[in-house]
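What follows is a set of notes on a single structure, which appears directly below.
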Amino acid sequence: MNEKRLRELLEEIKAGGRGIDETVEILRNLPFEDLGFARLDTHRELRTGAPEVIFAPGKTVEQLTGLIERSLSHSGSVMVSRIEAETACALGRKFPDLVHAADARTLSYREKKPDPKPGFVALVSAGTADLPVAQEAAVTLEFLGSRVERIWDVGVAGLHRLAPCLERLQQSRSVIVVAGMEGALASVVGGLIGRPVIAVPTSVGYGANFHGLSALLGMLNSCSPGVAVVNIDNGFGAACFAHLI
């Protein structure tokens, strides 16, 4: 259930096109629906503006099918994150309208696009190897209704590549910086522009990167003010934060 659907429902009742008993049945599963293996938060979009996103790892195709069916029934939209290609293919046969973004590892569908938010979020990646996490953030932002401008491969090993992008970064509402290795790009961007910077450390790097821990600690120790940090590889979390900003 989202605000638009609730308003439509109330207008139908007001116009006499829907009865009280029928309406009660529709609302019966708010604020959550118990599916046995999961309790789907059907009230979340009404509360926060974003529906519950289904985290695919650890769930069977049958469980994902049930969650997708009920999500579509309640809000006309669904997003599945971190989905493997084989699972996405199996679900695509059941739900042909779902869009599979293989690079972002997501499945998504919206019956009606949300009203666009003003401005845009700038999404910056240090290197091409960081793109899976960056693309997850991009798809999430667009699913939620934020406009995204992508700026790829401007890491500190070739910092001159960032200079032509600074004016556009200043025009954004917020900036997501996705970087592995030592994670220095977030501090650089934060020191050059007056916009909130959301830093996403990735698990990209050699041995001493410790699967993203070095980038995480580097970003947490940033000397640039205005930099917030999410967890390793958490493009989804960064997108939700930027959307709220």
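Every number in this text was worked out from the coordinates using simple rules, so none of it is lab data. From a predicted model like this one, the values you see are computed outputs, not experimental measurements. Please note: Cβ atoms are built from the backbone with ideal geometry, for glycine as well, and neighbour counts cover all protein chains shown.
On a 27 Å Cα-Cα criterion, which of the cross-link pairs 14/113; 59/117; 94/117 come out too long? Too far apart for the 27 Å limit: 59/117; 94/117.
For a Förster distance of 45 Å, can you work out the FRET efficiency between the beta-carbons of residue 12 and residue 147, rounded to the nearest 0.05? Here the calculated transfer efficiency is 0.90.
Estimated from helices alone, the mean residue ellipticity of the chain at 222 nm is -11000 deg cm²/dmol (sum of -39500 (n - 2.57) over DSSP H runs with n ≥ 4, per residue). Computed with the Debye formula from one identical point scatterer per Cα of the chain, without solvent, the log10 of I(q)/I(0) at q = 0.12, 0.13, 0.14 Å⁻¹ comes to -0.73, -0.83, -0.93. The orientation-averaged projected area of the convex hull spanned by the Cα atoms of the stretch 121-244 comes to 6.3 nm². Summing charges over neighbours of residue 200, with a neighbour being any other residue whose Cβ is under 10 Å away from its Cβ, gives -3 when K and R count +1 and D and E count -1.
Here the relative contact order of the chain, from alpha carbon pairs under 8 Å that lie six or more residues apart, stands at 13 percent. Only Lys, Arg, Asp and Glu carry charge here, each on its Cβ (+1 for the first two, -1 for the last two); on that basis the chain has a dipole of about 480 debye about its Cα centre. When you restrict to C-alpha pairs under 8 Å that are six or more residues apart and normalise by the size of the stretch 46-185, the relative contact order lands at 21 percent.
With r as the distance between the Cβ atoms of residue 167 and residue 47 and R0 = 35 Å, compute the FRET efficiency 1/(1 + (r/R0)^6) and round to 0.05. In this case the efficiency is close to 0.40.
The local environment of residue 105, defined by Cβ-Cβ distances under 9 Å, has a net charge of -2 under the rule Lys, Arg +1 and Asp, Glu -1. Considering only alpha-carbon pairs that sit under 8 angstrom and 6 or more positions apart, the relative contact order computed for the stretch 113-199 is 34 percent.
Each Lys or Arg adds one and each Asp or Glu subtracts one; over the other residues with Cβ under 15 Å from the Cβ of residue 133, this totals -2.
Tell me which aspartates and glutamates have Cα within less than 19 Å of residue 112's Cα, excluding those fewer than 8 residues away on the same chain? Cross-link targets: 3, 8, 11, 12, 45, 52, 69, 97, 142.
Simple rule: put +1 on each Lys or Arg Cβ and -1 on each Asp or Glu Cβ in the chain, find the dipole, and look at 75, 174, 211; the Cα lying farthest toward the positive end is 174. For the peptides 135-147, 187-199, residues were scored by their other Cβ atoms within 10 Å and the scores averaged per peptide; the highest-first order is 135-147, 187-199. I'd like the distance separating the alpha-carbon centroids of the stretch 147-175 and the stretch 31-47, in whole Å. Cα centroid of the stretch 147-175 versus Cα centroid of the stretch 31-47: 38 Å apart.
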